[in-house]
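Participant: Below is the structure I would like to discuss, written out as structure tokens.
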Amino acid sequence: MIDRAIIVAICLAGAAAPALGEAVALRGARIMTADKAGTIENGTVLIDRGRIVSVGANVRVPSGASIVDVTGKTITPGFIATDSVIGMVEISGGADAAESSSRTPGITAGYDVQYAINPLSTTIPVARKGGVTRAIVMPNPGADGATFAGQAAILSLRDGVTADILPQVGAVWDMRAGAYGRGATFVQFRADIADVRRFAREPAAFTEGELVSREWSRADLEALVPIIKGEKPIAVRVDKASDILTLINVFAAEKLDLVLVGAAEGWIVAAEIARAGVPVAIDPSDNLPGDFDEIGATSDNAAKLHAAGVRLIIRGGSSAHDAGKVRYFAGMAIARGVPAEVALASVTATPAEIWGAADLGSIAAGKQADLAIWSGDPFEPATELSALYIGGAAQPLTSRQDALAARYIPAAAGKKQQE
Amino acid sequence: MIVRACLLGVSLVIGSWLPAAAQTNAPYPSTYSPASSPPTAIVGATVLTAEGPVIDQATVFFRDGKIAAIGQGIELPADALVIDGTGKWVTPGIIDIHSHLGVFSSPGVPSMRNGNEKTGKNTAEVWAEHSLWPQDPGFEMARRGGVTTLAILPGSANLFGGRSVTVKNVPSISVQGMKFPDAPYGAKMACGENPIFYAARGNDPFTRMGNMAGFRSAFIDAQAYLEKKQKGESQKTDLRLETLAGILSGEITTHIHCYRADEMMQMIDLSREFGFQIGTFHHASEAYKIAGVLAEEGIGVATWADRWGFKLEAYDGVPLNVAALEWAGVHTMLHSDSAVLVQRLNLEAAMARSSAARVGEEISAEVAIRWITLNPAESLGIADRTGSLAPGKMADLVLWSTDPFSVYAVAEKVFVDGVTVVDRDAPADEPDSDFLLGQPVMGALK
């Protein structure tokens, strides 16, 4: 009962101050900052105009700020679901309600997920209920064995009819080893990169037909210019240790910014990955030899990569519907030896930094106020999400699933009436 | 061999979910026989028996492969191996009622996709055990998740997918060596989208009405076959009709893949038309819409904690499904249908519990543990021997590092018939699976 009273108070406070200039102080919580400050006991977060003004054990709260008592709660940054198709997929299969890749060979690297995202997808409120505030949305490889899948984007999971998207934060490339053969795919990749470099220097080379590594579209070339300049990363989905080493070498030679995604056998070459400074996005539940590219898959991958000094991103539940479960995947990594603060950063600050959104992913002055308020340990299933702020605005925490439950399940209907 | 002592007590509870015991002279018999193990006691742990209330600071003592005693203040023989369970938890071994390990194996290469005989709408004649590859590394990983028994089912691409097999999760060269002794058979059936998509490759059924017609025609044939059989009239043994007749006679329980509430209602009418008791609806995303009916019909439901939206018929799945079924009195279970989820059925149970708590109605650990232990044992007709911790039952149990409903819980030790099959304190330096043995890089040991 007491718990419920506090929850209501939080919701009201949030609704009263949705980034409109009235400061809000969340006071009394355990604050896991995912930043240099670490975990602050009995701390305060002051937010104003959508941003975090200050955080700490002794924050001066200006007069006129509303104070929300969150004593006994735990505050984390909102979680980031990496390598997700949320917003692009309503129903995964057989319903013509999913798009995660280009369907034309004419657009590959230029395929831009920002146009495929539906902010009204029912998957978004479900993910919010798992404390997720942003997603690194990544396309899958498209038609005709395309290796460049397209451009990733950072999606805000805020409630609303217009999507809040940071587009073109990086490219996604897939080896398509099965389609091309390893002896071809890297040769093709280097030829492609050479063409893009030429295009960046002399755009006329395109119209003059001198870029011949493939049948290029201008959109694809333009999309790759920031990549060859090293301004944005390329995420590569790969599992096999030997392929990871090849990628590290090729990307080093080409001076490209690599992010490994998948990396089931990453632990085998953890030292080489660490030395190259390449971040790795892994799924801690990926521990089976699903094919001969991941004979070495193990539950210890995350812990071993971390121990070697690799920057870790935890991904999990890459389906749009499972994005809200990313906190459990972080918990699984902790259970297998990843320190809790590293696991927290792996689903908050680390992906934000890697995809160039430095004002997301942690609780520190100047950052966007993406905050999840929990009843306890954020990685435990028994813990409830009490409130969620995105850019300082309190978010609704109800979904289509709740509406169905309220229609058919008496306990859920009762809960709805109380609210 | 079987401990009859507890059979009577359990059967009072399990009622209509208990399929008839398998024929003792059946072909392809089990050759499973547990190795010997020392008398062992886990002392000082929190114990969830799946039968009664949680017992704190308890001792679980087992010898000769059977549970001997549970409780506080148990006197142990001098030769007992004592394991300190302080701060840890003990539960029965986890039972997955919907697995494809060994029939859709890792590695998932085409030659190892042996779980669905997609050559016709009715392949009731095939038996999953004849596809099962005991070297699937997935068995080993499931053991490390505390899974001691699994029902291996055929896939759901056709109306009748074939017979399931219940196995103990032990290393074995042959399927016979892991087959649960005298476990009743099950038969896989499938509603909805999957049999229709199968038809897209040029066969019937093409529609949901085609699905129903296919079920009905098959059972009409089976009725005639069964009638002749019961009269003792001579007829050539028909493997397909043997399975269907077994469903009608109650010797074979049904595992029906079905998502939508309206389709489950059709299947209930089908069972009435042909006079058989449905065993378990699997997946059953919309079971919460008809929870009262399912409870009244005595039909079990095996589902996930929170999977939805992967196809249209799963669009209405809700995280409160499991809790709603439990509250309505449905025989409720969690299943995996996945080589990954099977490793964390305890976490699935935790998620389902927490959904209940979120609407202000707690479900106890004592109830939730049954979703992954005793309840599937009852539906598989093996609850007289496993599924809960009670004197005389198989010593199938897990020592957890902490509360099994925590994301941090790790199965530290797993016992099958008293034999240690997982021990994180003394990790094996070799994999059980021959497939992984000797690989230059070998990760899946852990």
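Nothing in this text is a laboratory measurement; each read-out follows from the coordinates by a stated rule. Remember, it's a predicted structure, so these values are computed and weren't measured experimentally. In this analysis, Cβ positions are derived from the backbone assuming ideal geometry, glycine residues included, and neighbour counts consider all displayed protein chains.
Participant: For all pairs of alpha-carbon atoms in the stretch A:245-312, what percent lies in each bin of width 5 Å, listed from the first bin to the last filled one?
Facilitator: Result returned by the calculation: 4, 20, 30, 23, 16, 6, 1.
Participant: Restricting to Cα pairs below 8 Å that are 6+ residues apart, what does the relative contact order work out to for chain A? Please round to a whole percent.
Facilitator: About 20 percent, as a whole number.
Participant: A further question follows. Under a GNM of chain A (C-alpha, springs under 10 Å), which listed residue has the highest mean-square fluctuation: A:LEU155, A:LEU312, A:LEU404?
Facilitator: For chain A, modelled as a Gaussian network with Cα springs under 10 Å, the answer is A:LEU404.
Participant: Next up: Need one number: % antiparallel among DSSP beta bridges in the protein assembly as shown, to the nearest 5.
Facilitator: Bridges in the protein assembly as shown that DSSP calls antiparallel: roughly 55 percent.
Participant: Now for a separate question. Using a Gaussian network model of chain A with C-alpha springs under 10 Å, which one of A:ALA308, A:ALA333, A:ALA127 is most mobile by mean-square fluctuation?
Facilitator: Its mean-square fluctuation being the largest, the pick is A:ALA308.
Participant: Right, another one. For a test of understanding, tell me how many lysine pairs in the stretch A:79-358 have Cα atoms under 25 Å apart, given they are 8 or more places apart or on different chains.
Facilitator: 7
Participant: Chymotrypsin sites (Phe, Trp or Tyr not before Pro), restricted to the stretch B:221-286: which are DSSP loop and have at most 11 other Cβ atoms within 10 Å?
Facilitator: Sparse-neighbourhood loop chymotrypsin sites (Phe, Trp or Tyr not before Pro): none present.
Participant: Treat the count of other C-beta atoms within 10 Å as a stand-in for reagent exposure and order B:THR91, A:THR104 from fewest to most.
Facilitator: So the residues, fewest neighbours to most, are A:THR104, B:THR91.
Participant: Next up: What shape does the stretch A:79-358 have by the C-alpha gyration tensor, where a ≥ b ≥ c are the square roots of the eigenvalues, rounded means a/c under 1.5, and otherwise prolate means a/b greater than b/c and oblate the rest?
Facilitator: Because a/c hits 1.5 or more and a/b fails to exceed b/c, the stretch A:79-358 counts as oblate.
Participant: A:SER63 versus A:ARG49, label points 7 Å from Cα toward the beta carbon: distance in nm?
Facilitator: 2.2 nm
Participant: Where the centroid of each part is defined by its Cα atoms, how far is the stretch B:236-266 from the stretch B:354-407 in Å?
Facilitator: Computed from Cα coordinates, the inter-centre distance equals 27 Å.
Participant: Which percent, nearest 5, of DSSP beta bridges in the stretch A:79-358 are antiparallel?
Facilitator: 35 percent
Participant: Using the count of nearby Cβ atoms within 10 Å as a rough guide to exposure, how do B:LYS231, B:LYS66, B:LYS88 rank from fewest to most?
Facilitator: The fewest-first ordering by Cβ neighbours comes to B:LYS231, B:LYS66, B:LYS88.
Participant: With the cut-off at 1.5 for a/c, could you classify the stretch B:295-352 from its C-alpha gyration tensor as rounded, prolate or oblate?
Facilitator: Oblate, since a/c reaches 1.5 and b/c is not below a/b.
Participant: Scan the stretch B:213-321 for GluC sites (Glu not before Pro) in coil per DSSP, keeping those whose Cβ has at most 14 other Cβ atoms within 10 Å, and list them by number.
Facilitator: Within the stretch B:213-321, the qualifying GluC sites (Glu not before Pro) (loop, at most 14 other Cβ atoms within 10 Å) are B:GLU233.
Participant: Treating only the Cβ atoms of Lys and Arg (+1) and Asp and Glu (-1) as charged, compute the dipole magnitude of the stretch B:197-262 about its Cα centre; round to the nearest 20 debye.
Facilitator: 120 debye
Participant: Quick one: work out the % antiparallel among DSSP beta bridges in the stretch B:296-444, nearest 5.
Facilitator: For the stretch B:296-444, the DSSP antiparallel bridge percentage is about 75.
Participant: Using a/c under 1.5 as the rounded threshold, could you call the stretch A:334-396 rounded, prolate or oblate? The axes a ≥ b ≥ c are square roots of the C-alpha gyration tensor eigenvalues, and prolate needs a/b larger than b/c, oblate otherwise.
Facilitator: Since a/c reaches 1.5 but b/c is at least a/b, the shape of the stretch A:334-396 is classed as oblate.
Participant: May I pose another question? Take the Cα atoms of chain B, find their three principal axes, and give me the spread along each one in whole Å, biggest first.
Facilitator: For chain B, the Cα extents along the three principal axes come out at 63, 49, 49 Å.
Participant: Once the Cα gyration tensor of the protein assembly as shown is found, what semi-axes does its equivalent ellipsoid get, as square roots of 5 times the eigenvalues, in whole Å, sorted largest first?
Facilitator: They are 45, 33, 28 Å, listed largest first.
Participant: Moving on. Inside 10 Å of the C-beta atoms of B:286-293, what's the mean count of C-beta atoms belonging to other chains?
Facilitator: 2
Participant: Hey, quick one: spin label on B:ASP429, modelled 7 Å out along Cα-Cβ, who in the stretch A:291-305 has an amide N within reach, i.e. under 15 Å?
Facilitator: Those under the cut-off are none; the list is empty.
Participant: How do A:VAL236, A:VAL342 line up, fewest other C-beta atoms within 10 Å first?
Facilitator: By the 10 Å Cβ count, ascending: A:VAL342, A:VAL236.
Participant: What is the calculated FRET efficiency for B:ALA213 to A:THR398, with r their C-beta to C-beta distance and R₀ = 35 Å, to the nearest 0.05?
Facilitator: My answer for the efficiency is 0.25.
Participant: Could you grab the Rg to Rh ratio for the stretch A:295-419? Cα atoms only, Kirkwood for Rh.
Facilitator: Result for the stretch A:295-419 is an Rg/Rh of 1.03.
Participant: Also: In the stretch B:261-290, which residues have a backbone nitrogen under 11 Å from the label point lying 7 Å from B:ALA26's Cα in the Cα-to-Cβ direction?
Facilitator: Taking a point 7 Å out along Cα→Cβ of B:ALA26, no residue of the stretch B:261-290 has its backbone N under 11 Å.
Participant: Which trypsin sites (Lys or Arg not before Pro) from the stretch A:46-121 combine a DSSP loop assignment with at most 13 other Cβ atoms within 10 Å?
Facilitator: Those satisfying the criteria are A:ARG60, A:ARG103.
Participant: Where is the GNM fluctuation largest for chain A (alpha-carbon springs, 10 angstrom cutoff): A:ALA393, A:ALA177, A:ALA323?
Facilitator: Answer for the Gaussian network model of chain A: A:ALA177.
Participant: How many angstrom lie between the C-alpha centres of the stretch A:157-220 and the stretch B:104-182?
Facilitator: So the two Cα centres are separated by 43 Å.
Participant: With the alpha-carbon atoms as the only input, what is the per residue convex hull volume for the stretch A:111-252 in Å³?
Facilitator: Given the Cα convex hull of the stretch A:111-252, per-residue volume reads 134 Å³.
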